[in-house]
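The values are calculated or read from the model by the stated rules, or taken from the named source; none is laboratory data. A quick note: this is a predicted structure, and the numbers were derived from the prediction, not measured. Cβ coordinates were reconstructed from backbone atoms using ideal geometry, including for glycine residues, and neighbour counts include every protein chain displayed. Surface accessibility is based on the protein's heavy atoms, side chains included, excluding ligands, DNA and RNA. Shrake-Rupley method; radii C 1.70, N 1.55, O 1.52, S 1.80 Å.
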Amino acid sequence: MARIVMKFGGTSVADIDRIRNVARHVKREVDAGHEVAVVVSAMSGKTNELVGWTKAADAMHDAREYDAVVASGEQVTSGLLAITLQSMGINARSWQGWQIPIHTDNSHGAARILEIDGSEIIKRMGEGQVAVVAGFQGLGPDNRIATLGRGGSDTSAVAIAAAVKADRCDIYTDVDGVYTTDPRIEPKARRLKKVGFEEMLEMASLGSKVLQVRSVELAMVFKVRTFVRSSFVDPDAPGMGDFLNPPGTLICDEEEIVEQEVVTGIAYAKDEAQISLRRVADRPGVSAAIFGPLAETHINVDMIVQNISEDGSRTDMTFTVPTGDLEKAQKVLEDQKDKVGFDVIQSESGLVKVSVIGVGMRSHAGVAATAFKALAEKGINIKAITTSEIKISILIDGAYGELAVRTLHSAYGLDKK
Ligand code: ADP
Ligand code: ASP
Ligand code: MG
């Protein structure tokens, strides 16, 4: 007997039939004698609809009220799954974030989980009750509902798994694991049997939304054995209940991976915008004057490229922000014009960032050159490049995004044979 946390994403709970299918996955584990807590997302499309309503009501809405609205999607699915499980003769009840409680910080809309009191859930699981927890939400220090940022139910699941000391956390979604790249973009993508925490962190933060970044961080810190697997299969198919070796991808320590490739995957992030400040004064304090105010306005600056100035007096500064923040960023910079001392702001939106990820890069030379050559052969122009020990990110025109992903995928030999 073991303790398992099972998380089901939006498409897995999209309607009552799918919720019934989810209930059968839960029943399989309960019948096997395991203690089970389930975490659910909102029905697919629901959170987008709720977010849209808050914007329509007022673009400058209060973040606490945004949270009150958008957390409701998960409340609905937690109740519906509990009803469905009960109808199948399983003892189950729903839990909202505030009832457990899942304590978060005060960053409404993008809150971080601080602490979870798992005692009541552990006690109830011991009595044979299945906890059906609404994902994506917790309780802020102001005693109000706080949501965890888009995709946050993954984080709820891993955090609950850590809090109840689960033996395993299964993230059920509409793909049967983590692939070498998004299989919707490259059908030749291969499913990975295992992915190391560090690589998964990079993939998630560079655009592979199969797992929320924070969920990977928590899995790494709390050593939660996390599997990504599909809910879109017969819950009672052979092997589905295999405890040690379930179908899917295990997120684990690098050391657990025997056959390590140089490049593990290609990630892709849309809706990037580039801002260039032309002829910026080249003196100490200028970067602080540019990026300080952007940070204060909660604008996430990503790639930063500063050119060497020709004569030591003026230089160009280029960086990227999410397209949604472009207008706000331009306004903040215009307000700083006198302090920073630049000539003009130029910007371009609708760009994409493709990234090549692999821990093998630490010990192999020439990995970046392969990417540049492959993109050049397809006539794809590179606008900016950043690298770290285990990744290379390349900014390109949005129209070439998917072509670039497929080109790099095959350049590194990742295509399915
Ligand atoms: P859920 O609603 O279950 O949380 P998401 O839509 O958030 O599901 O995440 C699953 C999706 O992530 C898949 O449908 C797939 O298109 C996308 N995805 C992006 N990159 C990858 C990858 N490397 N491997 C698998 N799926 C990926
Ligand atoms: N429903 C939320 C979202 O769409 C959380 C999640 O699905 O993980 O972002
Ligand atoms: Mg998700």
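Observations
- Gaussian network model of the chain, springs between alpha carbon atoms under 10 Å - residue of PRO183, PRO235, PRO293 with greatest fluctuation: PRO293
- On Cα atoms only, tilt of 326-335 relative to the major axis of the chain in degrees: 50
- Dipole magnitude of the chain, debye to nearest 20 (Cβ charges: Lys/Arg +1, Asp/Glu -1, about Cα centre): 640
- GluC sites (Glu not before Pro) restricted to DSSP loop in segment 161-258 with at most 12 other C-beta within 10 Å: none
- Within the chain, helix-based [θ] at 222 nm, where runs of 4 or more DSSP H residues each add -39,500 (n - 2.57), nearest 500: -9500 deg cm²/dmol
- Debye log10 I(q)/I(0) for segment 252-293, one point scatterer per Cα, at q = 0.17, 0.20, 0.22, 0.29 Å⁻¹: -0.71, -0.77, -0.85, -1.12
- The Cα-based radius of gyration and maximum Cα-Cα distance (Dmax) for segment 137-273 are 15.4, 48 Å.
- Unsatisfied cross-links (Cα-Cα over 29 Å) in the set LYS194/LYS391; LYS194/LYS328; LYS188/LYS378; LYS46/LYS194: LYS194/LYS328; LYS46/LYS194
- What the Cα convex hull of segment 258-406 gives, in volume per residue, is 139 Å³.
- Note on SER347 and ARG191: the model spin-label points, each 7 Å out from Cα along the C-beta direction, lie 4.3 nm apart.
- Each residue of segment 14-83 gets 81 Å³ once the volume of the Cα convex hull is shared out per residue.
- Around the amide H of VAL262, modelled in the peptide plane, lies no amide H under 5 Å away from a residue 5 or more places distant or on another chain.
- Solvent-accessible surface of the chain, averaged per residue with a 1.4 angstrom probe and all protein chains in place: 45 square angstrom.
- As a calculated quantity, the FRET efficiency between ALA2 and GLU255 at R0 = 25 Å, using C-beta atoms, amounts to about 0.60.
- Think of the chain as a dipole: +1 on every Lys or Arg Cβ, -1 on every Asp or Glu Cβ, centred on the Cα centre; then among PRO238, ALA134, GLN260, PRO238 lies furthest on the positive end.
- Degrees separating the helix 153-163 axis from the principal Cα axis of the chain, which is the longest one: 60
- Ordered by 1.4 Å accessible area with all protein chains kept, SER87, SER313, SER208 run largest first as SER87, SER313, SER208.
- The dipole here belongs to segment 282-355: it is taken about the Cα centre, uses +1 on the Cβ of Lys and Arg and -1 on the Cβ of Asp and Glu, and is about 160 debye.
- Using a Förster distance of 41 Å, the FRET efficiency for LYS223-ASP271 (Cβ separation, nearest 0.05): 0.75
- Accessible carbon and sulfur surface of the chain relative to its total accessible area, %, 1.4 Å: 50
- Rounded if a/c under 1.5, otherwise prolate or oblate - segment 69-187, Cα gyration tensor axes: oblate
- Ellipsoid fit via the Cα gyration tensor, the chain: semi-axes of 40, 27, 17 Å, each the root of five times an eigenvalue, largest first.
- Lys/Arg +1, Asp/Glu -1 at C-beta; the chain dipole; positive extreme among PHE197, ILE171, ALA157: ILE171
- Centre separation in Å (Cα based) which lies between segment 209-287 and segment 341-371: 18
- Across segment 101-116, rounded Karplus estimates of 3J(HN,Hα) from the backbone phi angles (6.51 cos²θ - 1.76 cosθ + 1.60, θ = phi - 60°) give x, 9, 7, 10, 7, 9, 7, 4, x, 8, 6, 10, 6, 9, 7, 10 Hz, Gly and Pro being marked x.
- The accessible area of GLU334, taken with all protein chains in place and a 1.4 Å probe, comes to roughly 100 Å².
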